Each structure stands twice: as structure tokens, then as C-alpha cells.
Amino acid sequence: MTKEITTKLLVIGGGPGGYVAAIRAGQLGIPTVLAEGASLGGTCLNIGCIPSKAIIHAAEEFERARHQAAGSALGIRVSDPQIDIAQTVRWKDGIVARLTGGVGTLLRKAGVQVLKGWAQIEDGKTATVQLQGGESVRVRCEHLLLATGSEPVELPSMPFGGPIWSSTDALSPDVLPKRLVVVGAGYIGLELGIAYRKLGVEVTVVEAAQRVLPSYDEELTEPVLQALQKQGVVLHLGCSVAGWDARHGVHVRNARADEFALPAERVLVAVGRRPRTAGFGLESLQLDMAGRHVAIDAHCRTSMRGVWAIGDVTGEPMLAHRAMAQGECVAEQIAGRNRRFEPMAIPAVCFTDPEVVVVGRTPGEARAAGLDCIDAAFPFAANGRAMTLESTGGFVRVVARRDNHLILGWQAVGHGVAELAAAFGQSIEMGARLEDVGHTIHAHPTMGEAVQEAALRALGQALHI
Amino acid sequence: MTKEITTKLLVIGGGPGGYVAAIRAGQLGIPTVLAEGASLGGTCLNIGCIPSKAIIHAAEEFERARHQAAGSALGIRVSDPQIDIAQTVRWKDGIVARLTGGVGTLLRKAGVQVLKGWAQIEDGKTATVQLQGGESVRVRCEHLLLATGSEPVELPSMPFGGPIWSSTDALSPDVLPKRLVVVGAGYIGLELGIAYRKLGVEVTVVEAAQRVLPSYDEELTEPVLQALQKQGVVLHLGCSVAGWDARHGVHVRNARADEFALPAERVLVAVGRRPRTAGFGLESLQLDMAGRHVAIDAHCRTSMRGVWAIGDVTGEPMLAHRAMAQGECVAEQIAGRNRRFEPMAIPAVCFTDPEVVVVGRTPGEARAAGLDCIDAAFPFAANGRAMTLESTGGFVRVVARRDNHLILGWQAVGHGVAELAAAFGQSIEMGARLEDVGHTIHAHPTMGEAVQEAALRALGQALHI
Amino acid sequence: APRAPAAVRKEGERPLASPAVRRRALDLGVDLRRVHGSGPAGRIEHHDLDAWAAGGGQAQAGGG
Ligand SMILES: Cc1cc2nc3c(=O)[nH]c(=O)nc-3n(C[C@H](O)[C@H](O)[C@H](O)COP(=O)(O)OP(=O)(O)OC[C@H]3O[C@@H](n4cnc5c(N)ncnc54)[C@H](O)[C@@H]3O)c2cc1C
Ligand SMILES: Cc1cc2nc3c(=O)[nH]c(=O)nc-3n(C[C@H](O)[C@H](O)[C@H](O)COP(=O)(O)OP(=O)(O)OC[C@H]3O[C@@H](n4cnc5c(N)ncnc54)[C@H](O)[C@@H]3O)c2cc1C
């Protein structure tokens, strides 16, 4: 039997895009229904940002213990470091449960009706949700918001399953393999590959491009490359994978078309993510697409009136904080406010070791856009706080217009630089100039002093280099 | 024999105030001489900010190892954690040597002449520097900059020496005492007291005020208090110390005038710092003083023409980054530029566990200044990144004017919040409003998201609480 | 009071304004591309928006 309900807003997908849209809509008094087929929190809280950072943290702690066992410069010694990976996974699952439970509470508090089940779209104003109990609910709405996210891309020669892991499997490992091959040196492959290396696994990364993190510039990824080599991660760059068999492992082909095999108990395929657009009747709406993703305008509107889309289903950059900001933007528009999704900058962070942060334009991008700009970097090797944290690798770099010193971009690579993203984002959104940052007193001793020094250096006034 | 030299600027003191002033002056082409009697880098690099943060880092690492030995939630186990404190001190000394050597290089590069010796002031244009070799140099200058810093205050009943430690001794311990009594729960006493506790020492803190970190507000210090109790630091608040003897330890008197003894092998007296104004002829200048420190105006000018003063010798806030900013300010004025030292905010950080950051006005200060303001906090318990770092204690708080939402202050307490100071300082200096921060996209997952959420919460639009 | 001249921005160049100013402009229905920025680097400040809204709402609506 199918129940029928009517609402103003139906959100399909309870990831960071969908749940934030629903919470904000609820706060604004909009009758809202949210359908989620898997688990509230979406990719981000269940199998993405959060669990990956939990595993990365555990791996870092373990690596430190192993480092101390080998004799640390600090004079600390431990013996016999061990990790019970099943316990690590339980700890990670506990965090996921707390956060997804929290999202449920927030939705309830905002008055959102949550339907746990998969939604099938009938038309731009109707979808049926197959509830987990077996019943289904037909939802009629004025506004339909697509927030169905994305899913990992499979390699035809190595479909997911068994020893062939997606990122999801790598976040809930059944065992710690002796040898892991990671296919893809983008941020997901590297974040997890480095974590497994720190957990004591022999890790080999195969990447088609000539560089790791190929979407970032080379100066920025150089410290990551050095760290990978120091950590003992084996790299095969400019190589493609041709298949897998249990006996020989992963078949790899290099640029000269030589083929060789990389033995491995597990293979993590991390070659990208694809917008989730199939299997739930989306095609029936015949929306304009942009490549594989749903096309949207500056208001997050699709080509059909009353149908909105946000987050990974709308393409790059596929990042949780973009999805959330778009979700807020759509909810406020449905509440009648005039909004556009036009941030000056969307930060991107790789939680590799060292971490990488990019906010706004890189020197190359700025020049490609025809801007006359200056850039300058300040190395953490000259930063006192970094020394006391044993983390002197990397730097902060700033890009600014030459004429008026308006800051166009920040990039940083180094230990813990993810937390500098707040300052980077704010300064760009505020329209800060080099002088604004260079003449702001930054606390001593912090890694953030490198931010000020980079700005001063671009002005030719650096003090500590 | 006394050599005579003439220069435009003579800087007395090579701490962060003096060396930055000299570097900047050198960069601007001003003939500059810097006299330093002890070691370049001053208190900050030799016996202050940097060595304390190094010891704190080592102590944290050791505490983590002990935590893992006891069985960590992450599933990591180690056995038999040990620390060789002599090696820790050597590691710390290595960092200090690198940084002080670096300052020497920077001064040389800037063309500054460094005289290693104590300066004795003759008049506002002349001082004699007693070189370490035995000779002396009489320096005549147009501008005299006092950057002589500060020194720890002694208790008459317990002069420094032997088992009675100043912060300097605590940073180069001969042994790890079984029991340490810390007198004074200001930031220096607590930073070091917590570090020693983490190193396995039984630590008792005696403080005359009723609260730890008494110069900060209670809401902010509450998480620190809780952590101290959890870490097993014993507190005697509202108590004063009356003396020490080797047999009974520290004699303490509580508010009811009951006296009791706290046994201890070492006592760290951290009851404050005093501007260094005596012993080098300063009194001969008869400068206006403000209490114990040299009085200066908004240009860092003393009451005598051509005599400037910066840093700790000019009183509170006694912080390295203030000294550096003042140093820059004076150098640029001597180069003929119009400058004032008038920052909107000087960040203050306590590297306790959890860390505490204060930038701009607290709610209490804003109200005391007659401002109608709103404030709001966002707890790290609701922040995903904090969960993955096992660091959910604390919060970020914002203070803003009610009428136009201009941000007046930021405070935070929590793991690693020191690095949020960059964003806090920049937003206040830029004149940001709550909307500016609330509508800037912050990277997920970072602790910095709590900054955005605090701003949104003050606007009644928080999403994740 | 004489109106500040319209902002001179290159084709396709976004007006420079902080998130709070942008948000207020959306709420007021003001197109920031038409507002003069008196701040550093031509940044549109709150008072620029106030001046425009006080004096130029008409022209703005008419001018489309
Ligand atoms: C390993 C990994 C690490 C990552 N790390 C980061 C990071 O550090 N920072 C960052 O910003 N991003 C990170 N990401 C990316 C981030 O997870 C995504 O950008 C984000 O989750 C996108 O949010 P979304 O709401 O668009 O979609 P999703 O989070 O994918 O949520 C979509 C939801 O919709 C549901 N759904 C789909 N179709 C239907 C239907 N028909 N009916 C009902 N429900 C449906 C799905 O079950 C899912 O829960 C990571 C991703 C991965 C895989
Ligand atoms: C344990 C500890 C931890 C601290 N942590 C922090 C922190 O985390 N962050 C922070 O901002 N601040 C911190 N401080 C405070 C910081 O060290 C001082 O604010 C800063 O060093 C002041 O700089 P200054 O240049 O004014 O003086 P100082 O650094 O004290 O330097 C003065 C220099 O002048 C020299 N001198 C004095 N008289 C003469 C003379 N007659 N002739 C020649 N040379 C002379 C001295 O030898 C000294 O080197 C800490 C201090 C201590 C003690």
C-alpha cells in the first residue's frame, strides 16, 4: 500500500548537501521531507571525510609509536607497538554513529520528516520512497532537491568485490593486508595509501599521470612526493592497470607498454567518483546535463522549474563543504530570499602527510586567467613552531595581483595546515590585500606566522628569511 | 681600551623586539648596531616561547605513549614507555641553536652590526658595550631603542637557585623530580606544570587567586580546569606560599590562614615577569615610567626625544609577537615613515592542554566598555574533525556588536586552537562582521568549521547544533 | 550629495565585496556590479552600499 504525503520541499539524499538543505529549510519554516536510502550523513559521514580522517589519525598515532620504538630524537622509547585494526574500526564506527545520530537529531529539531528509503522520481513534483519496512510513500512537492551525491568509479578490468577495494572497503578493512596496491594518486588514494603505509602495510601506488596529486601544481606536491618516498611508499607513475589475478596481483603497463605484475593481497581502486544520476528515475526528468553531472546555474537550479540540485551530483569540486553551502543557498531561496552560490573561493584540503590546502587561485591559474600577479612562499623550515612540532617540511604560498595587492589565492603544504584554511578562506572572501595580512599581528609561536611572512615576502618585507 | 663607533640606531637587547627592529632597520638602509649581552633571540628563543613549546610537545608525545601503554580506544598498544629527559633537553637545545643561529644570519644579511656584550647607558645618545672578550665599545647613536625585555619575578621567601626553579631552569631540567610544586597558575606555570605532569611527575599547583589562568574568564578556563583534574594535577587555589625547606617542602597558607606543607624535590616559581629596567644605567635617562615599565606613546617613543622602547620592558601584554610588531613599527619610523602601533587586537595563546586563545574583547570586556554585544559559542563536541582527533573538549566563542554585527573578539579553548588565531586576528583587523565569517565556506572536516558555526550561531543560524 | 562614479571594472570581473556586503546587496536587490567601491582595491564597503541604496534605488531598478 502506498501512503501519499504532500510537502513544500522534498530532498533526495541525506548527505551533507541534502541534510544541511533540509535543516536550514526546517529552520526557515518550510515543510520539508528528506529521503535517504542508506544512512543519514551520506558519503561524508559514513564512508568519506569523517571515517577517512579517523583512520588517518589512528595510522598517524601508530606510526609515531613505531617511530618511538625505533628511537626518537625526543628521547622517548617504547617497545613492541601493535595495532588491533578491528578495534580501530570499532572506534571509527563509534564516531560515525555519533555523528549520523546527531544529524538525525538536528533534522528532528528542525521539524524535517525523514523517510528512510530509496526515492524513485516520477516527475518534477513527485517521487515514491520505498521504505525500509516494505511500505512506500508517494511524496508530492513544490520543490524537488536532488542531493544524491556520487559513487566510486569502478575499473572494468577490476570490479569492486573481494580483494578489490573501493574507498568504502578500505575504511572498514577486514584485515591489514601485507601488501596493498593503490590505483590512483588523487587525494583519496594518497590519503588512504599513506594511512595504510603508516599502519605497517607495504604500499605501492600506480598512477596514470606523471605526478602524484596531478590536479595540484608541482611545487605544492613536491613535499608530498618527498614524504611518500621517505615513508617507503613505492610509486609507479605514468602507468596504467590492466587487470588483476590472485596469483600475480595487479597487472601494470608502463609508458613503454612493458607489462609487469605487482603482487598484492588487496587493491584499492581510487580512480575518481561519478555523480549518482542513474537508477532512481532521474532520466525521466530529461534535465540538462553537463557531462556526467546535472547542470545547474548560479542559483543551483536545474533546467526544470522547481527542481534544484546540489553537491556531488552537480560535479566538481566534489567536496562536502561545497555541498553544504549549496544546500543552505537553496533552502533560503525556497524561503523566498534572494541568494546565489557564488563564493570567491572553495577550499580544498588533502589530508595527506604533509597536508595540502588550496584556496583560491594558484600562480599558474592566475596567470592563465591573464592576471599580472606576484607570488611568494615562506617555508616552515624557518618557522619556530614547526620546529618544536618536528614538522618543518612544506610552506605557505600567497598569490596576489601586482597592481593593488589583492590576494587571489593561498596554498600551503605541511603538517596540520588544514587549520590554516579558515584564515585563507576568510581573507579571500573579505577582499584582503597583502598589507592586510602582513600587518596583522599573528600569534607567536604558531605555524600561522608563516601566513603573515608569506604576505610580507610578497611585499619584499619578509623578516624571518 | 674603548673603541668608539657612531651609528644611526643602537638597539639594546636582541630578543624578538630588538632583533626584528634591527633587521627591519637594516633592510631599510639604516646603519644599525645591536647589543646583546646573553644570546640572540632573547627570552623568546632561548628560555621562553620556543623551548617551552618544544618541551610541551615532547611531554605530549610521552603522555600519548603512556596512554597507549594503558590501552587506547584506537586499538594501539605499546609497552614500557620511557623518556630520557637529558636527550629531550638536547633535542630542545638543538632547536634553540638553529633558531638563534638563524637570527644571527638574518641580522648579518640585513647589514646589522651585532655587539655581543652588555650595554651600559650613558645618556640618550651614548652607551658602552662590554664585549665578551673584555674590550668595550662606546656607541654613539641618533636613536636609542630599549628592548631589554623582562625577567622572572622572585619570591623573597624562595629565591631562585638549587631546588627553586625559575621557568628557565624548568626548561633545562637536571632531573625529572618525583614531585614538583608550581607556584602560580598563570600561563607559564600551567604550560610547564601540565608538561611535567605529562612527563610523569606529580604536580601540585598553588595559586593565590580562586581560579587557574585568573586573567581569563571562567567559561574559557573551565575546560582547562577539567583537564587539569583529569590529568591528576593537584590544585591549591586561594593559597599563598610562605617558604620552603628541604625537609617539608613548600609551606602553604590557605584563605583560613591554615598552614600546611607540600613536599617537593623541585619548586617552579612562576609568579610573573618584571620589565628589565635596572643595572644598565637606564635610570640615568630619567624616563617617565608607568609603574615598573617604561612608558611609551602610540609611536613607541619614550619621554626622551630619540629614545624608543618596545617589548616586555614596556609592560603588558608581554608577548613576543607584540614586541616584534613594535620593533617593525620603530624601524620604519626611523626610516622616516609615519607609523603608529595601534593594532585592533593582539592575540594571546596559552599552550596548555587544552590550548586557550584570546583575540580582541571577551564578552565581559565588551560589556564593561559599554558595548551592546552578542556572543555565541560552538562546542568542539559537535565538530567532526575534533572527534577524529579525540579532542572534543572546548569551544570557539565570538563576540560582536549587536547593532552592526562587527566582530569584537574571538576566544577558543581546545586542542590545537592556537592555529585558529590567524583567522581570528585577521577577521578583527579586517573589520569583519558575523555574516562575513558565517558566509565564508570553511573546509570540511576541520576544527575551523567551529569558527563559522559560532558566527552563524550568534546570528541564530547555526546548522550543526 | 554627488554620487560616486560607477565602478570601473573589466568585463567579467567580479565586484569586490565581503560576504556580508554581498549578502546585504542580495537582500536589498542591489546589483553590486553597479556600485562604486571606495575601499582598498576598489572594494565595496557597507557605506558604499548604503549610499547606493539611499540615493540610487530608482536608477538601479530602472537601469536593470
Ligand atoms: C574516502 C573519501 C574521503 C573524502 N574526504 C573528503 C574530505 O576530507 N573533505 C571533503 O570536503 N570531502 C571529502 N569527500 C567527498 C565528500 O564525501 C562528498 O563531496 C560529499 O559527501 C558530497 O555530499 P552530497 O550531499 O552531495 O552527497 P553524498 O554525501 O554522496 O550523499 C548522497 C546521499 O544520497 C543518498 N541517495 C542517493 N540516491 C538516493 C535515492 N534515490 N533515494 C534516497 N537516497 C539517495 C545516498 O545514499 C547518500 O547518502 C570524501 C569522499 C570520500 C569517498
Ligand atoms: C617560559 C616562557 C614562555 C613564553 N611563551 C610565550 C609564548 O608562547 N608566546 C609569546 O608571545 N610570548 C611568550 N613568552 C614571552 C616572550 O618570551 C616575551 O614576551 C618576549 O621574549 C619579549 O621580547 P623582548 O624583545 O621584549 O625581550 P626579551 O626576549 O626578554 O629580550 C631582551 C634581551 O635583551 C637583552 N638585554 C637586556 N639588557 C641588556 C643590556 N643592558 N645589554 C645587552 N643586552 C641586554 C637580554 O639578554 C635579552 O636577550 C614566554 C616567556 C617565558 C619566560
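Coordinate-derived values only; no laboratory data. Predicted, not measured: the structure shown is a model, and the values here were computed from it. Cβ coordinates were reconstructed from backbone atoms using ideal geometry, including for glycine residues, and neighbour counts include every protein chain displayed.
Things worth noting here:
- Förster radius 22 Å - calculated FRET efficiency between B:Ala261 and B:Ser157 (Cβ-Cβ, nearest 0.05): 0.95
- 7 Å along Cα→Cβ, label-point gaps from B:Arg305 to other copies, nm, shortest first: 8.0
- Sorted from nearest, the other copies put their B:Phe160 label points 6.2 nm away, the label point being 7 Å from Cα in the direction of Cβ.
- Seen from A:Thr277, the other residues with C-beta closer than 15 Å to its C-beta sum to a net charge of -1, counting Lys and Arg as +1 and Asp and Glu as -1.
- Approximate spin-label separation A:Lys230-A:Asp372, in nm, with each point projected 7 Å along Cα-to-Cβ: 4.0 nm
- Gyration tensor verdict on segment A:164-271 (Cα atoms; rounded if a/c is under 1.5, prolate if a/b is larger than b/c, oblate otherwise): oblate
- Mean projection area, nm², convex hull over Cα of chain B: 24.8 nm²
- Distance between the 7 Å Cα→Cβ label points at B:Asp123 and A:Lys8: 8.1 nm.
- Over all other residues within a Cβ to Cβ distance under 12 Å of B:Glu390, the charged ones net out to +2, with Lys and Arg as +1 and Asp and Glu as -1.
- When its C-alpha radius of gyration is set against 2.2 N^0.38 Å (N residues), the protein assembly as shown gives a value of 0.99.
- When +1 charges are put on Lys and Arg Cβ atoms and -1 charges on Asp and Glu Cβ atoms, the dipole computed for the protein assembly as shown relative to its Cα centre reaches about 720 debye.
- With the cut-off at under 17 Å, measuring from each backbone N in segment B:416-432 to a point 7 Å along the Cα-to-Cβ line of B:Glu222 picks out no residue.
- Listed residue (A:Thr6, A:Ser52, A:Leu228) projecting farthest to the positive dipole end of the protein assembly as shown, Cβ model: A:Thr6
- For segment A:99-162, trypsin sites (Lys or Arg not before Pro) meeting the loop criterion (DSSP other than H, G, I, E, B) and having at most 15 other Cβ atoms within 10 Å: none.
- Count Lys and Arg as plus one, Asp and Glu as minus one, and take only other residues whose Cβ is under 13 Å from that of A:Ile95; the net charge is then +3.
- Per residue, the convex hull spanned by the alpha carbons of segment B:75-181 comes to 221 Å³.
- With a Förster radius of 41 Å applied to the beta-carbon distance between B:Ala381 and A:Asp174, the computed FRET efficiency rounds to 0.85.
- Model label sites at B:Arg401 and B:Glu365, defined 7 Å from Cα along the beta-carbon direction, differ in position by 1.7 nm.
- For the set B:Lys116/B:Lys198; A:Lys198/B:Lys53; A:Lys3/A:Lys109; A:Lys116/B:Lys230; A:Lys53/A:Lys178, the pairs lying more than 31 angstrom apart at their alpha carbons are B:Lys116/B:Lys198; A:Lys116/B:Lys230.
- Given in Å, the Rg to one decimal and the Dmax to the nearest whole number for the Cα atoms of segment A:108-161 are 15.3, 47.
- Charge dipole (debye, nearest 20) of chain A; +1 at Cβ of Lys and Arg, -1 at Cβ of Asp and Glu: 820 debye
- Of A:Leu268, A:Val137, A:Ala73, farthest towards positive along the dipole that unit charges on Lys, Arg, Asp, Glu beta carbons give chain A: A:Val137
- Under the Debye formula (equal points on every Cα, no solvent term), log10 I(q)/I(0) of segment A:1-69 at q = 0.21, 0.26, 0.28 Å⁻¹: -0.87, -1.05, -1.11
- Dipole magnitude of segment A:348-458, debye to nearest 20 (Cβ charges: Lys/Arg +1, Asp/Glu -1, about Cα centre): 240 debye
- Potential lengthening between A:Asp93 and A:Ala278 on full extension [0.36 nm per residue; Cα-Cα distance subtracted]: 63.7 nm
- Debye intensity ratio in log₁₀ form over the Cα atoms of segment B:348-458, taken at each q of 0.12, 0.23, 0.24 Å⁻¹: -0.36, -1.27, -1.36
- Low-density loop positions, trypsin sites (Lys or Arg not before Pro), segment A:284-326 - DSSP coil, at most 14 other Cβ in 10 Å: A:Arg292, A:Arg305
- Across the identical copies, how the A:Lys8 labels are spaced - nm, sorted shortest first, 7 Å along Cα→Cβ: 6.7
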